[in-house]
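The values are calculated or read from the model by the stated rules, or taken from the named source; none is laboratory data. Quantities reported herein were computed from a predicted structural model and do not represent experimental measurements. Ideal geometry is used to build each Cβ from the backbone, glycine not excepted, and the neighbour counts take in all protein chains shown.
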């Protein structure tokens with residue numbers, strides 16, 4: 001039996017109410033996202049002198065090619081998008097040996113992830129690890145149309161694929177795996193992930209959130225998109241918000257079987273909610289490997305800086321392949337740590353769920369990462 005949605009969410013397939021629900025989910029599940037800085041905030045980006053390391057953004061973007069394309073496209077902002085949508089869908093499909101019917105676009109990957117969650121909730125619940133980026137999936141709980149079932153905690157904070165497969169029963173319609181995971185930054189072994197997806201997709205839909213895939217050293221080896229071409233019931237979510245540095249331009253996409261795409265497009269996906277400038281930027285930088293290589297090198301350099309500072313100050317962090325790190329503060333409270341770092345003009349994340357001693361920091365510009373490493377010993381001294 002299908003479950004009904006409230007009129008407040010996904011009304012006529014628009015994305016505005018999706019965004020509102022996601023904002024509510026984020027504010028209720030994640031602590032300490034508002035900067036405690038008493039100064040005027042500019043319209044675009046962080047205030048001068050503030051190290052914004054709390055949202056996994058890539059401050060080296062947009063690329064020069066994307067900036068040029070946005071300027072040209074904005075002059076045609078009077079017109080609705082369509083041709084640019086088809087162009088981008090075709091580019092993405094051809095990159096993976098598929099046709100455009102396998103691709104749908106949305107506002108970042110958030111709209112697609114939320115649509116996948118609501119689609120799944122029509123026939124069952126969502127299964128995930130104890131800790132993952134669950135803001136979009138929580139839409140089904142906020143709307144009382146489904147539940148998220150979570151695996152037990154692991155001390156390593158890794159995703160136990162064997163336990164996840166064993167937990168799939170008749171109540172589960174979709175299993176969600178964020179790979180690399182957020183907020184941990186850890187990557188699943190590609191062969192293990194592939195084998196899991198093949199097995200699990202015979203029992204339910206598998207959603208692979210690959211928002212940070214292009215930040216890994218071998219993105220092609222770490223994706224399960226080829227399994228979609230082979231006919232498996234898998235959805236892969238990607239975004240232009242991370243490696244491409246287009247978080248504010250809101251372009252993302254899903255790849256799945258065409259019939260699954262049709263189902264999800266009932267809930268806020270498709271071309272109508274996108275903008276000319278964002279699409280132009282995405283088209284211009286999609287295959288800009290020189291820019292992506294540059295960004296990966298900067299991220300790696302920043303991770304090395306953070307790793308060294310963490311070690312020097314007697315802390316540990318999980319091994320990350322992404323543009324953020326999850327730092328173990330030991331006996332210290334992550335929300336207290338976040339608030340004290342904000343006083344040093346360094347913005348990071350606070351507590352995730354009940355992981356009270358874990359702190360996530362993003363890899364921004366090197367000078368901003370240096371602000372974090374310089375503030376770290378001062379703040380630790382104050383709150384220890």
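Of all residues in the stretch 350-384, those satisfying the criterion of being assigned to a loop (DSSP other than H, G, I, E, B), more than 21 Å from residue 300 (Cβ to Cβ) and touching a residue at least 12 places away in the same chain (Cβ under 8 Å) are 350, 351, 353, 356, 357, 384.
Does any residue of the stretch 254-262 turn out to be within 28 Å of residue 53 (Cβ to Cβ) and not in a loop (DSSP other than H, G, I, E, B)? So that I can check it myself, show each step before the final result.
The initial filter retains those residues of the stretch 254-262 that are within 28 Å of residue 53 (Cβ to Cβ), namely none.
Within the stretch 254-262 (the criterion being within 28 Å of residue 53 (Cβ to Cβ) and not in a loop (DSSP other than H, G, I, E, B)), the answer is no, since none of the residues qualifies.
Considering only the stretch 320-335, how many residues are assigned to a helix (DSSP H, G or I) and crowded, with 18+ Cβ neighbours inside 10 Å? Talk me through it step by step, then tell me what you get.
Residues of the stretch 320-335 that are assigned to a helix (DSSP H, G or I), as a first pass: 334-335.
Now drop any that are not crowded, with 18+ Cβ neighbours inside 10 Å, which leaves 334.
Looking only at that region, the number is 1.
Residue-level check: of (1) under 24 Å from the mean Cα position of the chain (by Cα); (2) crowded, with 19+ Cβ neighbours inside 10 Å; (3) not assigned by TED's automatic domain parsing to the domain that holds residue 190, residue 294 misses just (2). Here 129, 100 are screened, and the one residue that is assigned by TED's automatic domain parsing to the domain that holds residue 265, in contact (Cβ under 8 Å) with a residue 12 or more places away in the chain and surrounded by fewer than 24 Cβ atoms within 10 Å (Cβ to Cβ) is 100.
Which of the residues belonging to the stretch 120-133 are in a helix (DSSP H, G or I) and closer than 21 Å to residue 179 by Cα?
Of all residues in the stretch 120-133, those in a helix (DSSP H, G or I) come to 120-121.
Of everything in the stretch 120-133, just one residue is in a helix (DSSP H, G or I) and closer than 21 Å to residue 179 by Cα, namely 120.
Each residue in the stretch 232-253 was checked for being assigned to a loop (DSSP other than H, G, I, E, B) and over 12 Å from residue 205 (Cα atoms), and 9 of them qualify.
The condition of being in contact with a helix residue (DSSP H, G or I) (Cβ under 9 Å, 6 or more places away or on another chain) and within 30 Å of residue 72 (Cβ to Cβ) holds for only one of 266, 260, 298, that being 298. Do the conditions hold for residue 235, that is, is it more than 28 Å from residue 69 (Cα to Cα) and modelled with pLDDT of 95 or more? Spelling it out, residue 235 is indeed more than 28 Å from residue 69 (Cα to Cα) and modelled with pLDDT of 95 or more.
Of the conditions (1) modelled with pLDDT under 95; (2) within 25 Å of residue 68 (Cα to Cα), residue 287 clears all except one; give me its number. It is condition (1) that residue 287 fails. For the stretch 59-75, a tally of residues being in a loop (DSSP other than H, G, I, E, B) and either without any contact (Cβ under 8 Å) to a residue 24 or more places away in the chain or in contact with a helix residue (DSSP H, G or I) (Cβ under 6 Å, 6 or more places away or on another chain) (or both) returns 4. Scanning the stretch 82-103 for residues that are modelled with pLDDT of 95 or more and part of a loop (DSSP other than H, G, I, E, B) returns 96, 97, 98, 99.
Of everything in the stretch 192-208, what is in a helix (DSSP H, G or I) and closer than 25 Å to residue 317 by Cα? Give them in sequence order. If you could, list the steps in order and put the result at the bottom.
At the first step, the residues of the stretch 192-208 found to be in a helix (DSSP H, G or I) are 192-200.
192, 193 - these are the residues of the stretch 192-208 that are in a helix (DSSP H, G or I) and closer than 25 Å to residue 317 by Cα.
Within the stretch 340-349, the set of residues being crowded, with 18+ Cβ neighbours inside 10 Å, part of a helix (DSSP H, G or I) and in contact with a helix residue (DSSP H, G or I) (Cβ under 9 Å, 6 or more places away or on another chain) comprises 340, 341.
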